[in-house]
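Taking it in order: structure first as structure tokens, then the write-up.
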Amino acid sequence: LDDCLQQYIKSFEREKIGGDQLLRITHQELEELGVTRIGHQELILEAVDLLCA
């Protein structure tokens, strides 16, 4: 992940976001996790898509 996304790791760990949840995560859920920047949400969703490919 990009360095700018490292700041969200603790939120994901605290909420126990695992593989299955990550594959289905939405913009709204990312925002609830504290990922408020649209660009950061897009980077996360693109990384998840790459994992699925």
Practice task
Over the residues of the chain, compute the C-alpha Rg and express it relative to 2.2 N^0.38 Å.
Solution key: 1.02
Exercise for the section: Treating only the Cβ atoms of Lys and Arg (+1) and Asp and Glu (-1) as charged, compute the dipole magnitude of the chain about its Cα centre; round to the nearest 20 debye. Expected result: 160 debye
Exercise for the section: In whole Hz, with x marking every Gly and Pro, tabulate ³J(HN,Hα) for the stretch 29-40 from phi via Karplus 6.51 cos²θ - 1.76 cosθ + 1.60, θ = phi - 60°. Expected result: 5, 4, 4, 5, 7, x, 8, 8, 7, 4, x, 5
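Computed from the coordinates by the stated procedures, all read-outs in this text should not be read as laboratory data. The model shown is predicted, which means the values in this text are computed figures rather than measured ones. Heads up, the Cβs are rebuilt from the backbone with ideal geometry, glycines too, and the neighbour counts pull from every protein chain shown.
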